[in-house]
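The structure under discussion appears below in the form of structure tokens.
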Amino acid sequence: MSTLRTGTRFGLAVLRALLRGGFLYRSGHLPPAGHHVPDAFTGVGVAAAADPAHDDLQLEHLARLGVRRVRIDFTYGDADGPAGRLCPKLAAAGYRINLHLLQPFDEARRMPGPDAAERWRSFLADTLDRYGTLADIVEITSTVNRRRWAGYRLEGLLDAWRIAHDEVRRRGLTLAGPSITDFEPIYNVGLLSLLRDCGQLPDIHTDNLFAERAIRPERWDHKILGRRLAPLIRFNLVKKARLLARIGAQAGVPRLVSPAAFWTLPRIERRLPDSEQKQADYLTRYFVLCAASGALEHAGWGPLACHREGLIDDGAQPYPALERITHYASVTGPEYRPRPAFHALAAFNRLIPGSIYRGRLNHGQELEVHAFENGTRQIHVVWTTNARAAALPDLYDTAALATVRIFDRDGGELSGTPALETRLATLAVTEKPLYLAWPADQAPAVSPAAAPLPGLAVHAHGGGLHYYYRDAAWHGMVRAADGPQADALIHALHPEHVGGPREADTLRHARNAIWTLPDPRNPAARLAVKQPVKHHLHKKLLDRLKPSKARRSWNGACELLRRGLGSAAPVAWFEQRSGRDLTLNWYTCEYVTGQTSVGQLFSAYARGEQAHAGLAAQTVYAQLAAFLLRMHGRGIFFRDLSGGNILVKPAAPGELEFALIDTARIRLYPQGVPLRRRLSDLARACHKLHPEGREAFMALYLQGLGRRFTPLQRAGFAFYDLKAALKRRLRGTALYRKLKR
């Protein structure tokens, strides 16, 4: 009956909040301006190792990181172990300690049993007597809305909290909890209501406030009411933090803290490579948004050192059975390698804490400009959402750009050196945040029309920076290491200089002209340039509604590389600004040599060869199937997947490396590509392959989806073969040649 009564009270509290509109916050997604970001705004989790040498390593890295707060987990037996050794060292070094006390999982499951309760009280009393005075706050319990992690039923949790509340209050310490994880506000409402009724409220309300971890931190959360309603209810990170703060204040706990959040590298890698770079991007964006919300007293990262999600990679080790968000028990080593996220958080700590938040200065959801002010300078943190790019001259006027200092995500200064200033004002903003700094007496405004460049994708982590060029007649973008290199590329590839193909350098001259020219970055290398020459009549009409072919080729290559799929590295695109002439656009990429096309291989296998160019048929089938499964699984519908557009070369022993070219027709899907679209791609790829090879290849591909090659699918492939044969015949007719002009 007791459990039923407690559960009923919990449910009634949630129902009352729902009926009173307690989960609504009409303007909550907009960060308020004018609040102070605390000096000790960020924190990080630390854990001890059996080897005391790790203590000094962690203290050294904490000093470099610039955090003021640390969170250390204690459970049964830790006071006499490595954690008990590390805690006084952290206090002596001046860190504000969040002493996080939790029951072991099996003990939590036994609550509210008298023996388990007595062991919990004894642990609390002993730990608080020994270490309580070192703690800034004492946090109790962990991830209580995840029973599979924490182990608690509702009655057991309340009994554990009652005991902890008594012990912490008896010693006059600051109590924090109940450590809900992620955004599930029914737990915040229900638990805080029960604790208020019992007179056991904490001093600080804690919620491990994760955001859209694998996609982007500023995204509307589609997990609440679905993708279609997400833009209507507008639950972003800012709104989540502000709503939780309001829920806590209404219950009588106005202080809100997010003790831990992180992005695991495997989670990011489900969608994108460059996981360590993406983790660093997301970390900066996350902490800026947390600071902008004005709702959090401080926000913490999860583990300082951990191979899966830490700011430092301490070596691959088996992941513990219990998630580190619940219990960060130990570090292992033997070596510490700071990841990009470490440097990103260090840069944030140098630039943002202690400032006044002046507001978000732009509108729209694909570009973020957040302004902070301290005693010496104005700082804007600027980024786009994933794969988008914006031009600085579209955000700020010439006077503002003349005096700006620009720092990259990791705190490195991009401005202030003659080598970069020649092209600094055309630097593109990408998903990798930039810090723009002006003297304190300047108030740079952002253009009301500020927005990402339309119809453009970039691969922010493909090496170098992106520079946007615009004059009266032309515009485009180059990817370069620095300003002088960007100038050299613009001079060589600008439409007024690039010229046309010379016969000796021409690779193809049909609907598109493709030729090579010297790479101004490296005299020993060459670049490949592609320019459309002819358009069919229907293309002349339809293509006016799309970005130019050059820009689409750039976008396709960037999206492939973003998803960890091979393509010739894009270098530049340029086009006529008016768009009147569909042939006046140029796409430039690095010229790839020493590769064989899959079309050549499949033709050879169809002639009866078991191997060609040193590549055995079965090896090619297996590894190409795996590559295309990865491509389709990451949302790429290629739409022109002929064998000639798939290049292959040997890589590591026994491994093949694939690269895709002619990327202008790519279409993207948010999840995997539907099967019907996949088969459309594969019918093109298999066109030159003989029936036995086709059966072998398709069996391998469909096996990866848990499917078989059906008669209906074979008929679809045969229909494509027939269509291709008819097209070849038509090409020889006078009517076709007339229509082609």
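The values are calculated or read from the model by the stated rules, or taken from the named source; none is laboratory data. Because the structure is a prediction, the values reported are computed rather than measured. Neighbour counts run over all protein chains shown; Cβ positions are idealised from the backbone, glycine included. Quick note on the areas: whole protein, heavy atoms, side chains included, nothing else; ligands and nucleic acids left out. Shrake-Rupley method; radii C 1.70, N 1.55, O 1.52, S 1.80 Å.
See the values below:
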| quantity | calculated |
| --- | --- |
| Among the candidates R246, R267, R308, residue that is in a loop (DSSP other than H, G, I, E, B) and charged (D, E, K, R) | R308 |
| Members of the stretch 649-662 that are closer than 27 Å to F719 by Cβ and modelled with pLDDT under 95 | I661, D662 |
| Selection status of W120, under 21 Å from S258 (Cα atoms), hydrophobic (A, V, I, L, M, F, W, C) and in contact (Cβ under 8 Å) with a residue 12 or more places away in the chain | no |
| Condition met for A83 (within 28 Å of R119 (Cα to Cα) and either part of a loop (DSSP other than H, G, I, E, B) or modelled with pLDDT under 95 (or both)) | no |
| Every residue from the stretch 697-741 that is hydroxyl-bearing (S, T, Y), at pLDDT below 95 and under 21 Å from V620 (Cβ atoms) | Y720 |
| Positions within the stretch 583-607 being outside any strand (DSSP E or B) and among the hydrophobic types (A, V, I, L, M, F, W, C), in sequence order | L584, V592, V598, L601, F602, A604, A606 |
| Where a residue in the stretch 146-174 is within 24 Å of R324 (Cα to Cα) and in contact (Cβ under 8 Å) with a residue 24 or more places away in the chain and its partner, wherever it lies, is open to solvent by 50 Å² or more (accessible area, probe 1.4 Å) and among the aromatic types (F, W, Y), with Cβ under 6 Å and at least six apart | G151/F105 |
| Check on D126, open to solvent by 10 Å² or more (accessible area, probe 1.4 Å), in contact with a helix residue (DSSP H, G or I) (Cβ under 8 Å, 6 or more places away or on another chain), of a type in the set (D, E) and in contact (Cβ under 8 Å) with a residue 24 or more places away in the chain | yes |
| Tabulated pairs, the stretch 612-634, first in contact (Cβ under 8 Å) with a residue 60 or more places away in the chain and surrounded by fewer than 18 Cβ atoms within 10 Å (Cβ to Cβ), second assigned to a helix (DSSP H, G or I) and of a type in the set (A, V, I, L, M), C-beta under 7 angstrom, 6+ apart or interchain | A622/L700 |
| Whichever residue in the stretch 714-733 is open to solvent by 50 Å² or more (accessible area, probe 1.4 Å) and closer than 19 Å to E695 by Cβ and, among such residues, is farthest from the chain's Cα centre (by Cα) | L722 |
| Only one of R508, R551, R521, R563 that is touching a Pro at 6+ places or on another chain (Cβ under 8 Å) and under 24 Å from A659 (Cβ atoms) | R563 |
| Residues of the stretch 278-308 that turn out to be under 19 Å from G359 (Cα atoms) and in contact with a Gly (Cβ under 7 Å, 6 or more places away or on another chain), as a count | 1 |
| Residue match in the stretch 686-709 (condition: within 27 Å of the chain's Cα centre (by Cα) and either under 30 Å from R227 (Cβ atoms) or open to solvent by less than 30 Å² (accessible area, probe 1.4 Å) (or both)) | yes |
| Check on E323, over 19 Å from the mean Cα position of the chain (by Cα), more than 27 Å from P104 (Cβ to Cβ) and part of a loop (DSSP other than H, G, I, E, B) | no |
| Test: S142 is buried (at least 23 other Cβ atoms within 10 Å of the Cβ), among the hydroxyl-bearing types (S, T, Y), farther than 30 Å from T385 by Cα and in contact (Cβ under 8 Å) with a residue 12 or more places away in the chain | yes |
| Lone unmet requirement of (1) open to solvent by 50 Å² or more (accessible area, probe 1.4 Å); (2) in contact with a strand residue (DSSP E or B) (Cβ under 8 Å, 6 or more places away or on another chain); (3) acidic (D, E) for D441 | (2) |
| Residue that is basic (K, R) and assigned to a loop (DSSP other than H, G, I, E, B), where the choices are R639, R678, R694, R684 | R639 |
| Residues located in the stretch 648-660, provided they are assigned to a strand (DSSP E or B) and either without any contact (Cβ under 8 Å) to a residue 60 or more places away in the chain or touching a Cys at 6+ places or on another chain (Cβ under 7 Å) (or both) | V648, K649, P650, L656 |
| Residues satisfying the stated conditions in the stretch 307-329, i.e. small (G, A, S) and either surrounded by fewer than 23 Cβ atoms within 10 Å (Cβ to Cβ) or on the phi > 0 side of the Ramachandran plot (or both) | G315, A316, A321, A329 |
| Failed criterion for R676 (all others in (1) surrounded by 12 or more Cβ atoms within 10 Å (Cβ to Cβ); (2) modelled with pLDDT of 95 or more; (3) among the basic types (K, R) hold) | (1) |
| Test result for L705, farther than 29 Å from A613 by Cα, touching a residue at least 60 places away in the same chain (Cβ under 8 Å) and either hydrophobic (A, V, I, L, M, F, W, C) or part of a loop (DSSP other than H, G, I, E, B) (or both) | yes |
| Any hit, the stretch 52-72, residues being of a type in the set (D, E, K, R) and buried (at least 21 other Cβ atoms within 10 Å of the Cβ) | yes |
| Residue among Q576, Q531, Q623 that alone is within 31 Å of the chain's Cα centre (by Cα) and farther than 30 Å from D281 by Cα | Q623 |
| Qualifying positions in the stretch 638-666 - buried (at least 19 other Cβ atoms within 10 Å of the Cβ) and under 25 Å from I215 (Cβ atoms) | F638, L660, T663, I666 |
| Residue count for the stretch 311-320, restricted to those that are in a loop (DSSP other than H, G, I, E, B) and touching a helix residue (DSSP H, G or I) at 6+ places or on another chain (Cβ under 8 Å) | 1 |
| Selection count where residues are buried (at least 19 other Cβ atoms within 10 Å of the Cβ) and touching a strand residue (DSSP E or B) at 6+ places or on another chain (Cβ under 6 Å), scope the stretch 363-394 | 17 |
| Close pairs from the stretch 286-303: first on the phi > 0 side of the Ramachandran plot, partner assigned to a loop (DSSP other than H, G, I, E, B) and modelled with pLDDT of 95 or more, Cβ under 9 Å, at least 6 apart | G294/P31; G294/P32; G294/A33; G294/G34; G294/H35; G294/V37 |
| Residue count, the stretch 73-106 (criterion: among the acidic types (D, E), open to solvent by less than 50 Å² (accessible area, probe 1.4 Å) and over 33 Å from the mean Cα position of the chain (by Cα)) | 1 |
| Some residue of the stretch 273-283 being buried (at least 24 other Cβ atoms within 10 Å of the Cβ), assigned to a loop (DSSP other than H, G, I, E, B) and not aromatic (F, W, Y) | no |
